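Here is the structure we will look at, set down as structure tokens.
The values are calculated or read from the model by the stated rules, or taken from the named source; none is laboratory data. Quantities reported herein were computed from a predicted structural model and do not represent experimental measurements. Here Cβ is always computed from backbone atoms with ideal geometry, including for glycine, and neighbour counts include all displayed protein chains. Only protein heavy atoms, including side chains, enter the accessible area calculation; ligands, DNA and RNA are left aside. Shrake-Rupley method; radii C 1.70, N 1.55, O 1.52, S 1.80 Å.
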Amino acid sequence: MERLDTISSLQYFVPEIVLVFTLMAVLVCDLVSKNRAPRERRLLIVIPSLIGLVVALSYSLQGSEAVSAGLFHNMVAFDGFGQMLRVIFIVTSIFVLLFTLHSNELRLVHHGELLVLLLTVTVALIWMANSINLLMIYLALETVSVASYVMVGYLKTDRLSNEASLKYILFGAVSTGTMLFGLSLLYGLTGSLDLFEIRSALSSQEVVASSGPALMVILVLVLAGIGFKMATVPFHFWCPDVYTGAPTPVTAFLSVGPKVAGFAVLIRFFYGGLASPSEDGASWAMVGSVDWQTMLMGISVITMTLGNVGALLQTNMKRLLAYSSIAHAGYIMMGAVVLSGEGIQAMLAYMIIYLFMNLGAFLVVIVVHNDVGSFDIKDYAGIWRRAPLLTIGMGILLFSLMGIPPFAGFLAKWYIFSVVIDAGLGWFAVIGGLNSAIGAFYYLKILKTMFIDGSDTPEPSTPLALQPLYAGLLLVLIVPNIIGLLLWGYLDRVTEFSQKLLDAM
Amino acid sequence: MISLEHYLIVAAALFSLGLYGVLTRKNAINVLMSIELIFNSANINLIAFSRFVSGDTEGQVFALFVIVIAACEAAVALAIIMSLYRILKDVSLDEASVLKG
């Protein structure tokens, strides 16, 4: 591992720099085009944002497997894991930016600040996923949080949006405050903010002997903050409310971006600070006196069970998808508890596939809301007669979310379960499998409503309005779910080098 | 002589008070004040540890960052409360209950 100073770090920091300059440029473009027609003004802010994101993406795709370094005096990591996540965040951001363009909810508000906030969150997510210093973790996490509070409350005159935003900020501030208290205690226990120094401090015998209860308290406090971002039980209460109240494109973003970043922080924090890698870097062993592996396993089991059971009772599409995303957080967490590079790889593969299927499902929600004006599942009745192709697309996405072969969601689940079984935790995989069965029930309920309900009404049906942009995006999001099997070798190769964490190289 | 333990006890007491306030208060502004208590309890911890345990300035720098972030968060939270007040004419959390968790 190389420890770089500020100037020599910059060469590995290009996508972030591009994004920061883009967001400042968009802010200025928005201001100087104040007197132009709304349509023209929107183009003037959307195009620079898109260009910035695409340039940042092209820089992040030139990842190199050989380099791994601690940038800015070990504040930010540069390694395979981080490079992969960077691509995930920027791709999510591009999709969400395009989602906002024709959404009916955002039709009456100006987009300028929303795009600036979106870009801010994207940069902060990248920082958050790569932080290896307690100060940096906290700073990045708060930047993501504060900007996303505003994004949730973007519809200023809408009561639901405001309420969701208030709930989000109060819950978020308490969780991050709690986490901060835990971090301050960890600093006191080990005398350092650097995760790798924390690890070596925790490995020493006298600290292990004397720190049992203290470390336990610290971990519970820190998990409050990370769990809030991942939306795992018991810090999931905000999730259904915020997902329902926020404008749907923002909901789609929240269900992928901050959740993935939360898992990245989990990996960085626990694998970096509380576990030591083996010689070849393919597995980790816990250090310190607390068995956090069992703790995370417990959280994962409770999260997926509560998520799936909660989803059974929902009548609102956005709430249902919120609970479904809680359940998926439980599945993703299964990859984090096995303490191996394989586990990290399975997690990343799951996240990539989750990105496509979840964003796709939310896009269908946006499209239906644009036409029907409702998020209630009962208003999805008869969509099959009005838009057969859209319904089939939604069917593929839902089957993928369910984990039915041959769709990509099945591969993701199968991969993560097989890693867990390899680690000798067969019962854990069984619980995951049972949960997928519960999950199938509510996903099928949506499909039943779309296909069967309302098909006996005599009145002639008009085709559903579908903007060409959204049709194209849907195609891009659905196709990977179908040909997941063919892409699997590629995905495996891409995520292979991402299992190398900074310290293990 | 004031030792590290004294600071830690004050910080723990502040943290508990803050958490208690968050859980029991119904007024959004009061909840916000309780959250400030939580942040500042962590600040006391950080500065005390920086002085007594590590001997470097990392903890104090961290505390400065926390103060800035807490100010940002309070500003955003107050703006959101204002905007909700325009709709509801009230800042009680009981009123903001269309979305049920």
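Scanning chain B for trypsin sites (Lys or Arg not before Pro) in DSSP loops with at most 11 other Cβ atoms within 10 Å, what's the longest stretch left with none? Mind dumping the intermediate values first?
Values: sites that count: B:26, B:89, B:100.
With a cap of 11 other Cβ atoms within 10 Å, the longest stretch comes to B:27-88.
Go ahead and run the numbers for FRET between residue B:1 and residue A:216, Cβ-Cβ distance against an R0 of 35 Å, rounding to 0.05.
Details: r = 30 Å, r/R0 = 0.87.
E between residue B:1 and residue A:216, to the nearest 0.05, is 0.70.
Calculate, for residue A:302 and residue A:444, the FRET efficiency according to 1/(1 + (r/R0)^6) with r their C-beta to C-beta distance and R0 22 Å; round to the nearest 0.05. Intermediate values should be presented prior to the final figure.
Numbers: r = 24 Å, r/R0 = 1.10.
Efficiency computed from Cβ-Cβ geometry: 0.35.
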For residue A:275, the residues 5 or more places away or on another chain with a placed amide H closer than 5 Å to its own amide H are A:287
Listed by chain and number, the lysines with an alpha carbon less than 18 angstrom from that of residue B:89, same-chain partners under 8 positions apart left out, are A:156, A:167, B:26
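With the Cα gyration tensor of the range A:1-290 giving a ≥ b ≥ c as the square roots of its eigenvalues, does the rule (a/c under 1.5 for rounded; else a/b larger than b/c for prolate; else oblate) give rounded, prolate or oblate?
Details: a/c = 2.60, a/b = 1.53, b/c = 1.70.
Note, shape of the range A:1-290 comes out oblate.
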PRE zone check, label point 7 Å out along Cα-to-Cβ of residue A:209, amide N under 14 Å, scope the range A:175-195, hits none
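If one takes the accessible area of chain B alone plus chain A alone and subtracts that of the pair, with a 1.4 Å probe, what total in Å², rounded to the nearest 100, results?
Working: alone 7340 and 18830 Å², together 22500 Å².
Counting protein atoms only, the buried area is about 3700 Å².
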Put A:414, A:284, A:127 in order of accessible area, largest first, probe 1.4 Å, and you get A:414, A:127, A:284
Check: C-alpha center the range A:279-300 vs C-alpha center the range A:42-94, spacing in Å is 29
Rounded to one decimal in nm, the spacing of the 7 Å Cα→Cβ label points at residue B:12 and residue B:56 is 2.7
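Go ahead and estimate [θ] at 222 nm for chain A from helices alone: -39,500 (n - 2.57) per DSSP H run with n ≥ 4, summed, over the residue count, rounded to 500.
Numbers: 22 runs with 364 residues, N = 505.
Helix-only estimate at 222 nm: -24000 deg cm²/dmol.
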Per the 1/(1 + (r/R0)^6) rule, R0 = 56 Å and r from the Cβ atoms of residue B:67 and residue A:485, FRET efficiency to 0.05 is 0.60
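Given a 1.4 Å probe and every protein chain left where it sits, what share in percent of the accessible area of the range A:380-505 is carbon and sulfur?
Values: 4360 of 5920 Å².
C and S atoms contribute 74 percent here.
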With label points set 7 Å from each Cα along the Cα-to-Cβ direction at residue A:379 and residue B:33, the distance between them in nm comes to 4.1
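Rolling a 1.4 angstrom probe over the protein heavy atoms, how many square angstrom per residue are accessible across chain A? Intermediate results must be reported in sequence, preceding the final value.
Details: 17010 Å² over 505 residues.
Normalised by residue count, the accessible surface of chain A is 34 Å².
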Summed over the other residues with a beta carbon less than 13 angstrom from that of residue A:440, with K and R at +1 and D and E at -1, the charge totals +3
Taking N as the residue count of chain A, its alpha carbon Rg divided by 2.2 N^0.38 Å gives 0.95
Taking every other residue with Cβ under 15 Å from the Cβ of residue A:308 and scoring Lys and Arg +1, Asp and Glu -1, one gets +3
Residue span residue A:6 to residue A:437: 0.36 nm per residue of separation minus Cα-Cα distance leaves a gain in nm of 150.1 nm
So, with points 7 Å from each Cα along the Cβ direction, the residue B:75-residue A:465 label distance in nm works out to 3.9
